[in-house]
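Read-outs: derived from the displayed coordinates by stated rules, not from any lab. Computed from a predicted structure; not experimentally measured. FYI the Cβ positions are ideal-geometry reconstructions off the backbone, even for glycines, and counts take in every protein chain you see.
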Amino acid sequence: MSVFALPIFDQVTRANVDALLAGEALAIWIKGFLPAEHCDHVYERVRATSLTPLPIHFTREDGTPDYFPHANVSRPGVDAQLDEYFDRLGSAGDAATPEARRAAVASMMDAYLAHVGPANELNAGLCAPFRRPCDVLFDHVNERCGIRVAAFDGRPMKFGTFLLNRRSERFDDPATVPIHVDTVPSALFPEIRAQLGAMVYCRVPSVGGELRVYDHPLVPRDAPIPAGVDHSVAYRALKPSAGDAILINSRRPHAVIPGGDGDRLANIMFIGSSGGYPLDIWT
Ligand SMILES: O=C(O)CCC(=O)C(=O)O
Ligand SMILES: [Fe+2]
């Protein structure tokens with residue numbers, strides 16, 4: 001069904017989450033989820049901290065993955081993202097023996113937790129005395145549906161990454177807004193059958209700042225985005241206000257538009273479904 005015909009729900013309920021997971025809703029959009037005072041505090045503290053540019057994923061001509069730093073996008077405390085660990089695992093994950101595969105996965109998890117654990121502590125410190133927005137969303141979803149921290153390779157994951165897009169002169173240049181899907185490889189999380197992206201927005205510029213959701217079916221797990229999905233495809237633009245929370249199906253191609261006149265700060269996480277409840281959360 002075209003994204004233009006899909007409903008946007010305003011509440012987290014199991015029925016709404018099920019529809020979103022099935023691709024039968026465009027979003028769950030909770031307006032005014034976080035008070036302005038909370039958002040402003042978090043934004044001011046994140047803005048004032050030292051930030052590492054976000055590595056942008058691309059594929060080299062020989063087919064191997066690589067990254068370049070994105071001048072305008074950063075995440076406090078985080079200098080690597082889960083995708084990079086998946087890439088690193090790539091060939092090792094195909095290792096001939098189950099033992100070698102298990103060792104590769106375990107070492108990927110060591111590296112992930114070593115990076116993301118301290119980043120989450122830093123973020124919690126930045127938010128204090130308020131809570132991390134992602135923790136507020138966790139409790140909300142838990143009360144309404146049931147959710148738990150995902151365990152991967154038997155180890156609990158982390159969740160809640162801040163994504164700061166600084167004001168950009170090129171905020172509406174297609175080259176600055178990569179269209180992507182977020183999906184964990186089935187080899188790693190075989191039980192995660194469907195995946196949502198969940199964001200709590202702390203700061204949204206008045207010009208730009210939309211989340212574009214493209215008029216395209218859900219991309220199957222492990223499949224690349226089809227070549228035809230580019231900026232000529234029609235989309236629905238979701239323009240949040242600071243304090244809103246939005247959940248989308250992260251397997252539908254989407255893109256984040258930076259601000260033309262100010263920063264954009266989101267606290268992001270992923271929510272997975274193994275077909276029932278509780279849901280699983282990680283970043
Ligand atoms: O910030 C948003 O609106 C969406 C973020 C997103 O798509 C992502 O981090 O994968
Ligand atoms: Fe995304």
message = Just to be sure I understand the model, the point goes 7 Å from the Cα along the line to the Cβ. What's the resulting Ala227 to Ala114 distance in nm?
response = 4.0
message = Under 8 Å for C-alpha pairs, at least 6 residues apart: give me the relative contact order for the range 158-244, rounded to a whole percent.
response = 35
task = Along Cα→Cβ, 7 Å out, is where each label goes; now give me the distance between the ones at Glu44 and Arg60 in nm to one decimal.
result = 4.6
key: Footprinting exposure proxy for Val141, Val149 (fewest neighbouring C-beta atoms within 10 Å first)   = Val149, Val141
query = Where does each of Ser232, Ser273, Ser2 land when they are ranked from fewest to most other beta-carbon atoms within 10 angstrom?
reply = Ser232, Ser2, Ser273
request  = Calculate the dipole size of the chain relative to its Cα centre from +1 charges on Lys and Arg beta carbons and -1 charges on Asp and Glu beta carbons; express the result in debye to the nearest 20.
outcome  = 440
inquiry  = Rounded, prolate or oblate, given the Cα gyration tensor of the range 3-282, with a/c below 1.5 counting as rounded?
reply    = rounded
query = Going through the DSSP H helices of the chain, which span 27 Å or more along their own axis at the Cα atoms while scoring at least 0.0 as a mean Kyte-Doolittle hydropathy?
reply = 98-127
task = Please identify, among Val116, Val46, Val136, the residue showing maximal mean-square fluctuation in a Gaussian network model of the chain using a 10 angstrom Cα cutoff.
result = Val136
query = For Ala36 and Asp10, what does the FRET efficiency come to when R0 = 22 Å and r is the distance between their Cβ atoms, rounded to the nearest 0.05?
reply = 0.70
inquiry  = Quick check: residue separation of Ser206 and Ala22 times 0.36 nm, minus the Cα distance between them. What number comes out in nm?
reply    = 63.0 nm
task = Take the chain, connect every pair of alpha-carbon atoms lying under 10 Å apart with a spring to form a Gaussian network, then pick out the residue of Pro98, Pro185, Pro220 with the largest mean-square fluctuation.
result = Pro98
